[in-house]
Amino acid sequence: MKFSQTGTFRENFLEESTTLNLKEQIHAILLDKLDYFIGFIIKEKLEIIDDYVENLTKKYQGLVEEDLLENATSEIEEIFTKYENLNQFPDLNKASLNYLFYLLQLKDKDEWDNDEIEISMRSLIEAWVFPAYYYLEALTETIEREDAVKLYKRYITQYYKDHPSPDRDESFSLEKMLEKRLSGDTTSSEWVMVHAMLEEGKYAFKNENCPTCVDAMTDLPDVELKYLACCYGDYEKFRSYYSDHIILTMEHTLMEGDPYCSRVLYDIRIDYDLRHPPKEFWDNFEPGNEEEAMKYYKK
């Protein structure tokens, strides 16, 4: 067995530039999940929907310094017509979109007409993850926190169940996944990771850094909400993206203050033993330290 490391630390990754076609990507970045979440609340806890929408609308409004959508174009307003849940709450529509424009640091709504806008990686990542953090926070302010957490977990799990990747392949194998991750230029990614097949159908990987969510959300105070907004969905996401026979375990996360994220993907067609290796294994899970790490693998 061999442990392999990929990726390279890039200190200023969040300040690097990227381009975005907002018209094409706004649905995936913000609106699809928000509409589904509003619909989920309507279905599961209808009695709170009006209070919740009011709380979330005020929260988004309080996060922006100016109204970029004061005189929104008909084209911008039209994007909500496909969303039967959001369509019921025009003030939330406007507030959520205005907040997104604020996160992307758009100067005015006219930038909507550009096929591509240049933004920082930080702005792009914030646009992906900050709205979910705040609509979860608004939920904890509408109902008891414990109930809000349970409801959010059910929502994000069901969302991925209902939105499987069109590229799912039931012939998918973890061995091929690892082979692909270790091919080509393994130093180019900003994600520093250690990989190994522990045995047939069990692929372990450890994230040494999180240059996206963890680094971008440093100033947000609530660790549990950050974990839920960024990490918890991975449990169902891997199965949704790859195959029903793939299950993830995860017991340490950078988001929660651990020195790494420890994750194992299991192919349950081969083995349904989902015991996550102990911390001592992960502490020693480094290239060249195979013998020491494996002493702890099944303890």
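Here, each number is a calculation from the coordinates, and none is a lab measurement. The structure presented is a predicted model; accordingly, all values stated were derived computationally and were not measured. So basically every Cβ, Gly included, is an ideal-geometry build from the backbone, and we count neighbours across all protein chains shown.
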Legend entry - Subset of Lys202/Lys226; Lys180/Lys237; Lys153/Lys279; Lys94/Lys150; Lys33/Lys150 violating a 23 Å alpha-carbon distance limit: Lys202/Lys226; Lys153/Lys279; Lys94/Lys150
Legend entry - For Glu251, residues with placed amide H under 5 Å, excluding near neighbours: Ser262
Inset, instruction - Would you work out which of Leu228, Ile119, Asn98 lies farthest towards the positive end of the dipole of the chain? Charges go on Cβ: Lys and Arg +1, Asp and Glu -1. - result: Leu228
Inset, instruction - Between Ala28, Ala138, Ala127, find the one with the highest GNM mean-square fluctuation for the chain; connect C-alpha pairs within less than 10 Å. - result: Ala28
Legend entry - Amide H within-cut-off set for Ser243, under 5 Å, with H built and near neighbours excluded: none
Legend entry - Directionally averaged shadow of the chain, computed from the convex hull of its alpha-carbon atoms, nm²: 16.6 nm²
Inset, instruction - Go through segment 112-127 residue by residue and turn each phi into a ³J(HN,Hα) via Karplus (6.51, -1.76, 1.60, θ = phi - 60°); whole Hz please, and just put x for glycine and proline. - result: 4, 7, 7, 5, 9, 10, 9, 9, 7, 4, 4, 4, 5, 5, 4, 5
Legend entry - Karplus (6.51, -1.76, 1.60) ³J(HN,Hα), θ = phi - 60°, over segment 141-149, in Hz, Gly and Pro reported as x: 8, 9, 10, 4, 4, 4, 5, 5, 4
Legend entry - Of the GluC sites (Glu not before Pro) in segment 1-71, those whose Cβ has at most 16 other Cβ within 10 Å and which sit in DSSP loop: Glu11, Glu16, Glu65, Glu66, Glu70
Legend entry - Helix-only CD estimate at 222 nm, as mean residue ellipticity for the chain, using -39500 (n - 2.57) per DSSP H run (n ≥ 4): -12000 deg cm²/dmol
Inset, instruction - Once you have the Kirkwood Rh of segment 43-85 from its Cα pairs, apply Stokes-Einstein at 25 °C and 0.890 mPa s and quote D in µm²/s. - result: 194 µm²/s
Inset, instruction - Please work out the C-alpha center-to-center distance from segment 39-55 to segment 247-261 and express it in whole Å. - result: 31 Å
Legend entry - Nearby aspartates and glutamates by direct alpha-carbon distance to Lys45 (threshold 14 angstrom, same-chain neighbours under 8 apart not counted): Glu144, Asp147
Legend entry - Normalised contact order of segment 133-280, rounded percent, pairs of Cα under 8 Å and 6 or more residues apart: 25 percent
Legend entry - Asp50 paired with Lys107, simple spin-label distance in nm, labels 7 Å along Cα-to-beta-carbon: 4.3 nm
Inset, instruction - Multiply the residue separation of Asp167 and Ile270 by 0.36 nm, subtract the distance between their alpha-carbon atoms, and state the gained length in nm to one decimal. - result: 34.9 nm
Inset, instruction - Taking 7 Å along the Cα-to-C-beta vector as the label spot, tell me the Lys23-Glu256 distance in nanometres, rounded to one decimal. - result: 4.4 nm
Inset, instruction - Pull out the extension gain between Leu182 and Thr8, defined as 0.36 nm times the separation in residues minus the alpha carbon to alpha carbon distance; nm, one decimal. - result: 61.3 nm
